[in-house]
Amino acid sequence: MTFSITISNQISDRIKGAKEDNERVKRIFSWINDEFEWIETDYKERTVEEILIRQAGNCAEQAKVVEKVLNHIGIKTRWILEINSQPEWEDRQKFSENLIEKDGNFYSIFGWNHNDHRWIEYYNKDSNLWIPIDTAFGVFGMKHWLETRISFSPESIPTSQQIIPFCIVALDSSNAISEELSSFYLIEQFDKYYNGLLSQSAEWAEWKMLINQLTELGIATYNSQHNLHKNQDEIKQFTNLYSKLKKEVLTGVK
């Protein structure tokens, strides 16, 4: 996209002197992560420039800015959709039910004990890998994503906010789901982060089964073919299983 001269100059100033793509992306991440405020969804459609001027937005708005700014400086990106388990909240359930009644099952992506989240991966040409970048949760890079979004550490989001991802997928350029990533982030990389301890756990087989099951249901929901509210028991089971896995693995680590 084409930005105004003022914003284009602002972007250029942010990456001035950065020669490597990774450093340029880090500069953009730091800018949005440090200076943009996360605010709750109000369902108003805003342009990227409006969000930049506002310096605030929900996860999808911030991801939109990251996408367009990185594309502007020649960095390839793709959108990531995520559904995560959350602390139970009746207001979120009621709001979702109202939207489902008006606009269909897609809006069951959030409800009583789960919610929708959006972020970006950028393509690192040197490593030939897609790298996570999420300014809403302040996450940059695979190790940081694992530490912040799924690990058992006291500072992690699952520990501090009880938000645990269970469905992760990538979109292609036409905004269609192109790749299932739950097994990569939540099984392969999660186990790798704990040096194989997770796959030795008695809970691991059930963890993998639930991830696969909830991801399939999440994809069907994103495609408006399923109402995820029907699976709130399975989502609760997933949350409880995370706690069991955490207890078993941390006991093993000690």
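The values are calculated or read from the model by the stated rules, or taken from the named source; none is laboratory data. Since this is a predicted model, take the numbers as computed values, not measurements. Cβ coordinates were reconstructed from backbone atoms using ideal geometry, including for glycine residues, and neighbour counts include every protein chain displayed. The accessibility values were calculated without ligands, DNA or RNA, using every heavy atom of the protein model including side chains. Shrake-Rupley method; radii C 1.70, N 1.55, O 1.52, S 1.80 Å.
Listed values, structure above:
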quantity: Count - residues of region 1-45 that are modelled with pLDDT of 85 or more, open to solvent by less than 40 Å² (accessible area, probe 1.4 Å) and not in a helix (DSSP H, G or I); calculated: 3
quantity: Pairs where the first residue, in region 163-181, is among the charged types (D, E, K, R) and the second is part of a strand (DSSP E or B) and modelled with pLDDT of 95 or more, C-beta under 6 Å, 6+ apart; calculated: Asp172/Ser178; Glu179/Ala170; Glu180/Val169
quantity: Single unsatisfied condition, Asn212 versus (1) outside any helix (DSSP H, G or I); (2) touching a helix residue (DSSP H, G or I) at 6+ places or on another chain (Cβ under 8 Å); calculated: (1)
quantity: Gln161 within 20 Å of Gly57 (Cβ to Cβ), polar (S, T, N, Q) and at pLDDT 95 or above; calculated: yes
quantity: Odd one out for Glu155 among (1) open to solvent by 20 Å² or more (accessible area, probe 1.4 Å); (2) in contact (Cβ under 8 Å) with a residue 40 or more places away in the chain; calculated: (2)
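Yes/no per residue for (1) buried (at least 16 other Cβ atoms within 10 Å of the Cβ); (2) within 21 Å of Asp134 (Cα to Cα); (3) among the basic types (Lys, Arg):
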{"position": "Ile150", "(1), (2), (3)": "yes, yes, no"}
{"position": "Ser160", "(1), (2), (3)": "no, yes, no"}
{"position": "Val169", "(1), (2), (3)": "yes, yes, no"}
{"position": "Glu188", "(1), (2), (3)": "no, yes, no"}
{"position": "Tyr194", "(1), (2), (3)": "yes, no, no"}
{"position": "Ala205", "(1), (2), (3)": "no, no, no"}
{"position": "Met209", "(1), (2), (3)": "no, no, no"}
{"position": "Ser224", "(1), (2), (3)": "no, no, no"}
{"position": "Leu228", "(1), (2), (3)": "yes, no, no"}
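Every residue, every condition in (1) farther than 16 Å from Phe29 by Cβ; (2) out of contact with any Asp or Glu (no Cβ under 6 Å at 6 or more places or on another chain); (3) of a type in the set (Ser, Thr, Tyr), yes or no:
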residue: Asn115; (1), (2), (3): yes, yes, no
residue: Ile120; (1), (2), (3): no, no, no
residue: Tyr123; (1), (2), (3): no, yes, yes
residue: Asp126; (1), (2), (3): yes, yes, no
residue: Thr135; (1), (2), (3): no, yes, yes
residue: Val139; (1), (2), (3): no, yes, no
residue: Leu146; (1), (2), (3): yes, yes, no
residue: Arg149; (1), (2), (3): no, yes, no
residue: Phe152; (1), (2), (3): yes, yes, no
